[in-house]
Amino acid sequence: MSEIYISKEKFPEVVGQLMSHGRVFGPVFQGQFHEFARLDKPEDIDLSFQNTRLSPKDLFHPHSERMFTYSLAKDDPERSILKEAPKDYSPSVVLGIRPCDAKAFQLDDRNFDTETIKDPWWVERRKTTTLVGLACNDPCNTCFCTSMETGPFDASGLDVLMVDVGDGYVARSVTDKGKECLSTLKGVQTVPAQAAEKEAQAKKAAEESMGQVLDMKPIYEKNTLELFHDPLWEEVHFSCINCGTCTFVCPTCWCFDIQDEVQGDSGERLRLWDSCMFPLFTFHGSGHNPRSQKIQRVRQRFMHKLKYYPEKYKDGPACVGCGRCVKGCPVNIDIRHVARLMAASCSCPA
Amino acid sequence: MRNPYLPYPVRIESIVTETEDRNLKTFKFVFLNKEDEEAFKYTPGQFAELSVPGQGEIPIGIASSPTEKGFIMFTVNKVGRVSSFMHNMQEGDIMGVRGPMGNWYPWETLEGKNVVIVGGGFAFTTLRSSIVYMLHPDNRSRFGNIDVVYGARMPGLLLYKEELAAWEQRDDIGMHITVDSTDDPNWKYNVGFVPAVTKEKAPTAENSYAIICGPPIMIKFTLPVLTELGFPPERIISSLEMRMKCGIGICGRCNLGTEYVCKDGPVFTLQELAQLPNEY
């Protein structure tokens, strides 16, 4: 593995070098918020952010994606035959992604990239993208990654981890892909001794500022059906308005809908983000709906993240503690509070 | 690996109106490419996404049996946008099929066992596939007694009437066709609800498995009958319906707890269902 030091003065030049090799995406200040976007020029990137409002999941799983196109023209011999829509799979770098979001993609991989079924678009984009992350020196008060098996300096989902050490960045490769990325850079320095020291201090301070706020173990140990039928959902769902914001901003909410759109004689099949908060999500053609009630939909979201996913994959939760749902919820539903209720729920006879 | 969202193009070879209310039509499809037909290897109990460009896709049980070559067959109830559109399509039209999807009835487990099939209404499609499969000369000796209780509200709503009549004539399958009521004086079969007919015909539970598909109300009242006859939950098999999109366990909407009905189901035993949240 390799490590380099990039001074802040040199940073725009290094971004420029990356841009000359392929597409580069990074946090850009747009309107009132930071969002991940493709950089037009090196100065567009703004690393003075805590986290972006939306997760960068749409870089791999776009909010709306053209899957197939087709002709419906009566005299077209190819009428009604679906053709794959062209995609841009040229190499790209996501620069400045937070460790939690990178970890989230690993959790999502389990859904899109399995032994028997592979989602071609997700898998191909993952393959051609290098994740150059930026450690969090200053986590938000809504962050709880350290309780969700990741952390502000967790390199496990990244190809390269950068740390802001004041006057520059220390960048360490984590994977071969990351090493290759760093090896292309010119005009960088070896890591000065005091920078490494500052890095360790920043890590300690960031992790300590969050601490362990949740113990997930009792949730894993509980019986699924007991948790499912627990009265706690009455309290949790009460204020929810099913707006779907939590699922929209979440880096591990991958659910999608498939729809056809037609204009004139040509049509396309689209894949669009969907949400378990919406009644239509499970609405049968017959009119029956297994999750017609709000309480069922709210329960599904939290149970999926904190119970079903860990149980299915024998791993931690489908949550990385980025806190976006906590920040974005219009009625202040807090997944940390829900997790505590789930952990504490008592199955004693009423 | 082939793109799992890309349907195989098929041509509608024939359309048959099954029921007198005209709400059910059976579509026979022929693959446009021979290699696609070979790739589409299925087992009774599985389903596929029928894909109509410009309309969308619907998950439908496969009604043909893999022992029937050269075509695949689906019976489609007219309920929503895609199925209504399909009801207005013509023989010769081109559309798509994605699949096969999901698990199937546990044929290896059923080997050497008696099989009791209980079906109601239009949920008889994968059951037809199963009966045709079991009655095939290559397969019949693999199973013990085969009993079928199949009911509809009235005679005009039964599916596959000619085949039912042909099976009635055979001595290697016990057919118990029933209707809730009829004013047809020539009606030759049973009159009564499926649970009552099941109880009356009382197929043996010894060394037997039951496969039950039908409307929830029929299942609700038939399960106690099967239990009374001695079928334990691990030998009662059912198939679930769900709203689906991808059909391959990715899009996230058809789960019961940890299990996706499209990929881990649609076939579950009653014992398996008892362990899962009852959101179906």
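The values are calculated or read from the model by the stated rules, or taken from the named source; none is laboratory data. Everything numeric here is computed off the predicted structure, so don't read it as measured data. Reconstructed Cβ throughout: ideal geometry from the backbone, glycine too, with neighbour counts over all protein chains shown. All accessible areas refer to the heavy atoms of the entire protein, side chains included, with ligands and DNA or RNA removed. Shrake-Rupley method; radii C 1.70, N 1.55, O 1.52, S 1.80 Å.
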Checklist entry - Considering A:Gln50, A:Gln32, which residue is in contact with a Cys (Cβ under 6 Å, 6 or more places away or on another chain) and either modelled with pLDDT under 95 or not assigned by TED's automatic domain parsing to the domain that holds A:Ser173 (or both)? => result A:Gln50
Checklist outcome for this item: Of the listed residues (A:Gly151, A:Gly168), the one being under 17 Å from the mean Cα position of the chain (by Cα), open to solvent by less than 10 Å² (accessible area, probe 1.4 Å) and either small (Gly, Ala, Ser) or not assigned by TED's automatic domain parsing to the domain that holds A:Gly323 (or both) is A:Gly151
Item to check | Residue satisfying condition, being open to solvent by less than 20 Å² (accessible area, probe 1.4 Å) and farther than 27 Å from B:Leu6 by Cβ, within set A:Thr146, A:Thr142 | outcome: A:Thr142
Next on the checklist: Among the residues that make up the range A:280-288, is at least one of them surrounded by 17 or more Cβ atoms within 10 Å (Cβ to Cβ), under 18 Å from the mean Cα position of the chain (by Cα) and in the same structural domain as A:His229 (by TED's automatic domain parsing)?
Outcome noted: no
Checklist entry - Which is charged (D, E, K, R), away from chain A (no Cβ under 14 Å) and in contact (Cβ under 8 Å) with a residue 60 or more places away in the chain, of B:Glu38, B:Glu68? => result B:Glu68
Checklist entry - Can we say A:Phe248 is within 11 Å of chain B (Cβ to nearest Cβ) and modelled with pLDDT of 95 or more? => result no
Checklist entry - For the subset of the range A:254-279 comprising residues that are crowded, with 20+ Cβ neighbours inside 10 Å and out of contact with any Phe, Trp or Tyr (no Cβ under 8 Å at 6 or more places or on another chain), which member is nearest to the other protein chains (Cβ to nearest Cβ)? => result A:Asp260
Item to check | Search result, residues across the range A:128-154 that are in contact with a helix residue (DSSP H, G or I) (Cβ under 9 Å, 6 or more places away or on another chain) and within 22 Å of A:His21 (Cβ to Cβ) | outcome: A:Thr129, A:Thr130, A:Leu131, A:Val132, A:Gly133, A:Leu134
Next on the checklist: For the range A:301-336, which positions are open to solvent by 10 Å² or more (accessible area, probe 1.4 Å), more than 20 Å from A:Cys100 (Cα to Cα) and not acidic (Asp, Glu)?
Outcome noted: A:Lys312, A:Pro330, A:Val331, A:Asn332, A:Ile333
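On the given criteria, is B:Glu57 open to solvent by less than 20 Å² (accessible area, probe 1.4 Å), closer than 29 Å to A:Trp122 by Cβ, not assigned by TED's automatic domain parsing to the domain that holds B:Ser130 and not hydrophobic (A, V, I, L, M, F, W, C)?
Values: open to solvent by less than 20 Å² (accessible area, probe 1.4 Å): no; closer than 29 Å to A:Trp122 by Cβ: yes; not assigned by TED's automatic domain parsing to the domain that holds B:Ser130: yes; not hydrophobic (A, V, I, L, M, F, W, C): yes.
Here the answer is no, as B:Glu57 does not meet what is asked.
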Checklist entry - within 12 Å of another protein chain (Cβ to nearest Cβ), over 23 Å from B:Asp264 (Cα atoms) and modelled with pLDDT of 95 or more - does that describe any residue in the range B:46-53? => result yes
Checklist entry - When the residues of the range A:32-45 are filtered to those that are more than 28 Å from A:Lys127 (Cβ to Cβ) and not in a strand (DSSP E or B), which remaining residue is most open to solvent (accessible area, probe 1.4 Å)? => result A:Gln32
Next on the checklist: Please go through the range B:156-174 and give me each residue that is part of a loop (DSSP other than H, G, I, E, B) and within 18 Å of B:Met218 (Cα to Cα), ordered by number.
Outcome noted: B:Leu158, B:Leu159
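Would you pick out the residues in the range A:156-165 that are surrounded by 20 or more Cβ atoms within 10 Å (Cβ to Cβ), farther than 15 Å from A:Gln201 by Cα and without any contact (Cβ under 8 Å) to a residue 60 or more places away in the chain? Show your work before the answer.
Taking the range A:156-165 first, the residues surrounded by 20 or more Cβ atoms within 10 Å (Cβ to Cβ) are A:157-163, A:165.
Subset that is farther than 15 Å from A:Gln201 by Cα: A:157-161.
Across the range A:156-165, the qualifying residues are A:Gly157, A:Asp159, A:Val160.
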Item to check | Some residue of the range B:89-106 being open to solvent by less than 50 Å² (accessible area, probe 1.4 Å), free of Cβ contacts under 8 Å to residues at least 12 places away in the same chain and among the hydroxyl-bearing types (Ser, Thr, Tyr) | outcome: no
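Taking B:Glu163, is it acidic (Asp, Glu), surrounded by fewer than 20 Cβ atoms within 10 Å (Cβ to Cβ) and within 14 Å of another protein chain (Cβ to nearest Cβ)? First the steps, then the outcome.
Numbers: acidic (Asp, Glu): yes; surrounded by fewer than 20 Cβ atoms within 10 Å (Cβ to Cβ): yes; within 14 Å of another protein chain (Cβ to nearest Cβ): no.
Judged against the criteria, B:Glu163 is not a match.
Scan the range B:11-28 residue by residue and report those that are under 21 Å from the mean Cα position of the chain (by Cα) and part of a strand (DSSP E or B).
We begin by selecting, within the range B:11-28, every residue under 21 Å from the mean Cα position of the chain (by Cα); these are B:12-28.
Passing the criteria: B:Ile12, B:Glu13, B:Ser14, B:Ile15, B:Val16, B:Thr17, B:Leu24, B:Lys25, B:Thr26, B:Phe27, B:Lys28.
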Item to check | Selection status of A:Ala155, of a type in the set (Gly, Ala, Ser) and either closer than 19 Å to A:Asp58 by Cα or within 14 Å of chain B (Cβ to nearest Cβ) (or both) | outcome: no
Checklist entry - Restricting attention to the range A:195-213, does a residue exist that is open to solvent by 40 Å² or more (accessible area, probe 1.4 Å), under 30 Å from B:Thr258 (Cβ atoms), in contact with a helix residue (DSSP H, G or I) (Cβ under 6 Å, 6 or more places away or on another chain) and modelled with pLDDT under 95? => result yes
Checklist entry - Which of the residues that make up the range A:340-349 are surrounded by fewer than 16 Cβ atoms within 10 Å (Cβ to Cβ) and not in a helix (DSSP H, G or I)? => result A:Cys346, A:Ser347, A:Cys348, A:Pro349
Item to check | Unique residue being over 28 Å from A:Asp109 (Cβ atoms), part of a loop (DSSP other than H, G, I, E, B) and assigned by TED's automatic domain parsing to the domain that holds A:Val94 when the list is A:Lys186, A:Lys204 | outcome: A:Lys186
Checklist entry - Do any strands (runs of 3 or more DSSP E) lying entirely in the range A:53-167 carry at least 1 residues that are in contact with a Ser or Thr (Cβ under 7 Å, 6 or more places away or on another chain) and not polar (S, T, N, Q), and which ones are they? => result A:64-71, A:92-97, A:160-164
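Run down A:Arg79, A:Arg110, A:Arg126 and say which single residue is more than 14 Å from chain B (Cβ to nearest Cβ) and open to solvent by 10 Å² or more (accessible area, probe 1.4 Å).
Working: A:Arg79 fails: more than 14 Å from chain B (Cβ to nearest Cβ); A:Arg110 fails: more than 14 Å from chain B (Cβ to nearest Cβ).
Matching residue, one of A:Arg79, A:Arg110, A:Arg126: A:Arg126.
Check B:Val16, B:Val118 and return the single one that is closer than 30 Å to A:Phe283 by Cβ, aliphatic (A, V, I, L, M) and open to solvent by less than 10 Å² (accessible area, probe 1.4 Å).
Details: B:Val16 fails: open to solvent by less than 10 Å² (accessible area, probe 1.4 Å).
B:Val118 is the lone residue from the list that is closer than 30 Å to A:Phe283 by Cβ, aliphatic (A, V, I, L, M) and open to solvent by less than 10 Å² (accessible area, probe 1.4 Å).
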